1. Among the listed residues Ala177, Ala126, Ala219, Ala206, which satisfies the condition of being at pLDDT 90 or above, over 24 Å from Leu82 (Cβ atoms), open to solvent by less than 60 Å² (accessible area, probe 1.4 Å) and out of contact with any Leu (no Cβ under 7 Å at 6 or more places or on another chain)?
2. Any residue at all in segment 192-200 that's under 19 Å from Ala57 (Cβ atoms) and open to solvent by 40 Å² or more (accessible area, probe 1.4 Å)?
3. Enumerate the strands (runs of 3 or more DSSP E) found wholly within segment 159-223, keeping only those where 3 or more residues are under 18 Å from the mean Cα position of the chain (by Cα).
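The values are calculated or read from the model by the stated rules, or taken from the named source; none is laboratory data. Quantities reported herein were computed from a predicted structural model and do not represent experimental measurements. Please note: Cβ atoms are built from the backbone with ideal geometry, for glycine as well, and neighbour counts cover all protein chains shown. All accessible areas refer to the heavy atoms of the entire protein, side chains included, with ligands and DNA or RNA removed. Shrake-Rupley method; radii C 1.70, N 1.55, O 1.52, S 1.80 Å.
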Amino acid sequence: MDDIRVKICGLKRPEEVSAAARAGVRYVGLVFFPRSPRAVSLEQARSLALEAPVGLAKVALVVDADDALLDEIVETVPLDMLQLHGRESVERVAELRARYGLPVMKAVGVASEEDLPALQEYARVADQLLVDAKAPKGSVLPGGNGLSFDWRLLAGRRWPCPWMLAGGLTPENVGQAIALTGARQVDVSSGVESAPGVKDLDKIAAFARAAAAAGAEGAVPRL
């Protein structure tokens with residue numbers, strides 16, 4: 001049986017963290033981007049992180065954050081990883097990885113084959129990649145828009161570091177996404193919500209079950 005690792009992003013309530021832990025989720029994302037309906041304060045994030053059980057990785061999602069904000073986040077919230085979801089350069093990713101001593105996940109938006117070379121560039125300096133659907137022009141959110149892309153673009157592709165699939169995933173389609181891409185890690189936010197920023201606890205469980213079932217069926221090839 002292949003182990004599919006699940007990340008639930010944009011949690012705001014203690015019961016959402018508990019539901020993720022019960023479902024066997026491996027990562028939870030805390031959003032530090034004020035324009036997002038999933039944004040949390042430093043105090044909220046600290047409380048949620050402290051309540052998370054051992055083994056559940058806490059990931060801070062930031063968008064083009066400066067050092068002052070990142071210093072505050074890292075000093076206040078017990079974290080396991082930083083997720084850079086903006087236009088951070090390859091050099092900036094390497095700089096932050098060295099500055100904070102935390103693993104760094106870099107999100108890269110994909111809409112067509114032209115977007116794929118950037119993944120190789122960031123893979124040289126990041127600990128993980130998040131392959132997400134590219135945000136539409138004019139969108140205020142770089143992710144969490146509930147959009148997907150042509151998953152066939154990723155079929156058979158590998159990078160020097162682990163990667164995670166995101167963008168428009170739901171309990172209903174995550175199995176197909178895993179089968180088409182070979183992803184071993186998947187990330188969901190709006191796909192398990194009842195309203196923007198409000199996670200549905202039953203959908204969290206359903207998503208985790210569907211991802212696990214895809215792995216059990218051998219949809220993911222062993223490397």
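1. Ala206
2. No, segment 192-200 contains no residue that is under 19 Å from Ala57 (Cβ atoms) and open to solvent by 40 Å² or more (accessible area, probe 1.4 Å).
3. 163-165, 185-188
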